[in-house]
Number of protein chains: 2
Amino acid sequence: MAGAKLKNALYAQSGGPSAVINATACGVIEAARKAGSRIGKVYAARDGIVGVLTENLIDTGRETDAAIRALRHTPGAAFGSCRYKLKGVEQDRAKYERLVEVFRAHDIGWFFYNGGNDSADTAWKLSQISAQMDYPLIAIGVPKTIDNDLVITDTCPGFGSAAKYVATSIREAAFDVAGMASTSTRVFILEVMGRHAGWLTAACGLASDRAGAPPHILLFPERVFDEADFLARVKRTVDTVGYCVIGASEGIKDSDGRFLAESGAKDAFGHSQLGGVAPLLAGLIKDKLGLKQHWAVADYLQRSARHIVSKTDLEQAYAVGREAVRLALKGRNAVMPVIRRESGRPYRWSVAEARLEDIANKERKMPENFITPDGYHITPAARRYLAPLIAGEAPPPYRDGLPDYVRLKRIPVRKRVKAAFEI
Amino acid sequence: MAGAKLKNALYAQSGGPSAVINATACGVIEAARKAGSRIGKVYAARDGIVGVLTENLIDTGRETDAAIRALRHTPGAAFGSCRYKLKGVEQDRAKYERLVEVFRAHDIGWFFYNGGNDSADTAWKLSQISAQMDYPLIAIGVPKTIDNDLVITDTCPGFGSAAKYVATSIREAAFDVAGMASTSTRVFILEVMGRHAGWLTAACGLASDRAGAPPHILLFPERVFDEADFLARVKRTVDTVGYCVIGASEGIKDSDGRFLAESGAKDAFGHSQLGGVAPLLAGLIKDKLGLKQHWAVADYLQRSARHIVSKTDLEQAYAVGREAVRLALKGRNAVMPVIRRESGRPYRWSVAEARLEDIANKERKMPENFITPDGYHITPAARRYLAPLIAGEAPPPYRDGLPDYVRLKRIPVRKRVKAAFEI
């Protein structure tokens, strides 16, 4: 086989999974397989960059074409992901050198890192340090995050599907509440993800397809939570509509800038671990307004619901994977394939190229003009942006009534580096 | 029109909606429309029995065939439902007489009450009191409850779809957690409905399709919650599998018989209003085991998720509606169409007939042999029972990326009774 002389490729997943990150993996691996005359082995790191550091690599060549194809319809992170942030090159030099050492041992010529801001930063630094170390490496970032907070790209693969999930779920729950409100539940709250930006909260608003249709109130992390104003609005809605449906961000804050549902826990990136805004709001409504309420917290369901992904999102997720390989083969280094919106209606998109240094560690906020002046709903501009991202269905295959997701064999690559590495 | 001389039919929805109760409404109305030579107007009560008491009726004849057909794919209670329990005939005689008065004013010959145990009781009592009052009425109960707790019937329409939702959701979340566990979340908890019976908790178990596959732990309301034993099991699972996925009933109780998440609130039937077991368990796991955890509470999402109903359940929901009309036209009174399992593998079912008095106020428990001896999972017997109920998919139509649900016109019928009635 020619593979012995060719450079190998390495793909890794980072951060919270999405319903379509494995579609990106599928795009990378299928494109790399097709480029068999130029790319040798196609490896994946087990658990993201942690797997590179510890030299836990997986030989994707041992997976069948059918298994790789099935990644397109399988949620989670098929090779394992991680929350593990590398610091600056000076502070974490030993780790970066270790990464290059592992690359060298396995003759990695192309590295594809699939994640958000932090992963783009890691890929970018790797491209720098490998150059300093005279190790020829092409490092490509591949976008993924349900937070939709990467700059330059029109949207982030994973977001459109989570958006479709939350909009569908809040519409469905609203139909339920509407039918019961006269003698039972008057207020329903759905808590959605989005630490610092209200992208998913805004997506809930898509379920409201005409004036007065639920959800009636959205609570954005971009707006200070004003208890009295909120309660007055809930009461007014119940008085006029008969019931009130609320989409609330996990990240809403009080006037002192404190998260309402601060748990005190922090994740590996130093972010606060949140959850529990919905029961808190429900308690408030019960105590202050005396209304019967129900609440749901979607948590991981919203980012793993492969059964209701957006077809647009799925296609974009696959496309950025495929394009990452194309860019790599063109010799482009330290770049990321991004989504460009060519037109709004009808929605047309293409994959463009951005420099990792322009993306790394930057955070896209939701535009100010996406939130209505009263602070509680989305504007037509938000709808124009969001609507195409949730368009189209792409259900998985079902077996015995449940989605039939693939579990890969994940056969390890034999270790070649003498020294072990402790995380 | 012949309608003037024919007796009219009245359909009403009761209790918590399901993803398919409107499919039953569709079955009733379509069958009644087909029987136009024998049935006059087809009315629906607004908000269940409350709408009969207050004489708020809807003329379903003003809805197009297409709108009625669309009920098959619309969640919630299209005509409104209620939580309003009538007491015994002696205690609530004025209300029963009022019901008969409204029936008489609108020449109702057939009454179809779509709900659970309590509704079956109301329909049964109505058939008795109307006989006592010499008012000719055929009262038919039509089964509906995601709680799956009606006796005689093999299953209750609505349950199979909620079961499919929770099993799908926990499988998807488990794929997410599995991919992240090495450096992040180790334990995930999904809280599901089911006050006193673990039917939906058991359904979570279907997601575990091979030994060791998640969910790893199910917490049933049928078992006393033993904190130490539970925590030891979580720890053991994390130590061996790397992560732990838990399906927990909202109704789990401690050794004193107290609900773990007792909120103190009661609904109109006097049931405690629950919610919040998942965050409670998560706090326990964090404090006692120091493991990072996430939790979701599905709440109404599980009973309104029309986008992922079981085709089997949908067909049964429609069939019981259609059969209710057939029984009524045969002159059967105080009965309910129920599902009979003709064979397990392959699953074959038919619609049979049961007497309301054999169903009213009885509650089917989950069989003892559905829970494994250790108390934390389901047995093969449970799988044999549950698996066919979630089989098949029947997605709704989508528009602009979201399920396209119908909103009926709900044109009121002119009131004819002089006296008003205060609920």
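The values are calculated or read from the model by the stated rules, or taken from the named source; none is laboratory data. Owing to the predicted nature of the structure, the values given are computational and were not obtained by experimental measurement. All Cβ positions, even for glycine, are placed from backbone atoms using ideal geometry, and neighbour counts span all protein chains on display. For the accessible areas, the whole protein counts, side chains as well, though only heavy atoms, and no ligand, DNA or RNA atoms are used. Shrake-Rupley method; radii C 1.70, N 1.55, O 1.52, S 1.80 Å.
Say we look at region A:62-80 and pick out the residues that are over 20 Å from B:R171 (Cα atoms) and in a loop (DSSP other than H, G, I, E, B); which of these is farthest from the other protein chains (Cβ to nearest Cβ)?
Going through region A:62-80, the residues over 20 Å from B:R171 (Cα atoms) turn out to be A:62-66.
With the extra rule that they be in a loop (DSSP other than H, G, I, E, B), the set shrinks to A:63-64.
On the way: A:E63: 16, A:T64: 19 Å.
If we take residues in region A:62-80 being over 20 Å from B:R171 (Cα atoms) and in a loop (DSSP other than H, G, I, E, B), then A:T64 is farthest from the other protein chains (Cβ to nearest Cβ).
Confirm whether B:L389 is open to solvent by less than 30 Å² (accessible area, probe 1.4 Å) and more than 26 Å from B:R104 (Cβ to Cβ). Spell out how you get there, then give the answer.
Numbers: open to solvent by less than 30 Å² (accessible area, probe 1.4 Å): yes; more than 26 Å from B:R104 (Cβ to Cβ): yes.
The answer is yes for B:L389.
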Looking at (1) assigned to a loop (DSSP other than H, G, I, E, B); (2) crowded, with 19+ Cβ neighbours inside 10 Å, can you tell me which one B:K362 breaks? (2)
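Right, B:E342: in contact with a Ser or Thr (Cβ under 8 Å, 6 or more places away or on another chain), open to solvent by 30 Å² or more (accessible area, probe 1.4 Å) and away from every other protein chain (no Cβ under 14 Å) or not? Explain how you work it out, then say what you get.
Numbers: in contact with a Ser or Thr (Cβ under 8 Å, 6 or more places away or on another chain): yes; open to solvent by 30 Å² or more (accessible area, probe 1.4 Å): yes; away from every other protein chain (no Cβ under 14 Å): yes.
So B:E342 fits the description; yes.
Which members of region B:232-253 meet the condition of being touching a residue at least 40 places away in the same chain (Cβ under 8 Å), within 24 Å of B:Y165 (Cβ to Cβ) and open to solvent by less than 20 Å² (accessible area, probe 1.4 Å)? Step through it out loud before you land on a result.
Within region B:232-253, the subset touching a residue at least 40 places away in the same chain (Cβ under 8 Å) is B:233-235, B:238, B:242-251.
In the following step, the residues that additionally are within 24 Å of B:Y165 (Cβ to Cβ) were identified as B:243-251.
Result: B:C244, B:V245, B:I246, B:G247, B:A248, B:S249, B:G251.
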Hey, B:D299 hits all of (1) without any contact (Cβ under 8 Å) to a residue 12 or more places away in the chain; (2) at positive phi but one; which does it fall short on? (1)
Which condition does A:G283 not pass, out of (1) part of a helix (DSSP H, G or I); (2) touching a strand residue (DSSP E or B) at 6+ places or on another chain (Cβ under 8 Å); (3) more than 7 Å from every other protein chain (Cβ to nearest Cβ); (4) open to solvent by 10 Å² or more (accessible area, probe 1.4 Å), if it passes all the others? (2)
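Does A:D134 qualify as being in the same structural domain as A:K95 (by TED's automatic domain parsing), more than 16 Å from the chain's Cα centre (by Cα), part of a loop (DSSP other than H, G, I, E, B) and not aliphatic (A, V, I, L, M)?
Values: in the same structural domain as A:K95 (by TED's automatic domain parsing): yes; more than 16 Å from the chain's Cα centre (by Cα): yes; part of a loop (DSSP other than H, G, I, E, B): yes; not aliphatic (A, V, I, L, M): yes.
Yes: the conditions hold for A:D134.
Yes or no, residue by residue, for (1) within 14 Å of chain A (Cβ to nearest Cβ); (2) touching a residue at least 24 places away in the same chain (Cβ under 8 Å); (3) more than 18 Å from B:D121 (Cβ to Cβ); (4) open to solvent by 10 Å² or more (accessible area, probe 1.4 Å):
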| site | (1), (2), (3), (4) |
| --- | --- |
| B:V309 | yes, yes, yes, no |
| B:T312 | yes, yes, yes, yes |
| B:P367 | no, no, yes, yes |
| B:T372 | no, no, yes, yes |
Identity of the residue in region A:150-199, modelled with pLDDT of 95 or more and open to solvent by 10 Å² or more (accessible area, probe 1.4 Å), that ends up nearest to the other protein chains (Cβ to nearest Cβ): A:F175
In region B:105-127, which residues are within 26 Å of the chain's Cα centre (by Cα) and either more than 20 Å from B:K144 (Cβ to Cβ) or assigned to a strand (DSSP E or B) (or both)? B:W110, B:F111, B:F112, B:Y113, B:N114, B:G115
Of all residues in region A:47-93, how many are at pLDDT below 95, open to solvent by 60 Å² or more (accessible area, probe 1.4 Å) and basic (K, R)? 3
Restricting to region B:379-404, name every residue that is hydroxyl-bearing (S, T, Y) and assigned by TED's automatic domain parsing to the domain that holds B:D65. B:Y398
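Listed residues B:P397, B:P403, B:P412; which is surrounded by fewer than 19 Cβ atoms within 10 Å (Cβ to Cβ), closer than 25 Å to A:A167 by Cβ and in contact (Cβ under 8 Å) with a residue 12 or more places away in the chain? Show your work before the answer.
Working: B:P403 fails: surrounded by fewer than 19 Cβ atoms within 10 Å (Cβ to Cβ); B:P412 fails: closer than 25 Å to A:A167 by Cβ.
Within the list B:P397, B:P403, B:P412, the selection yields B:P397.
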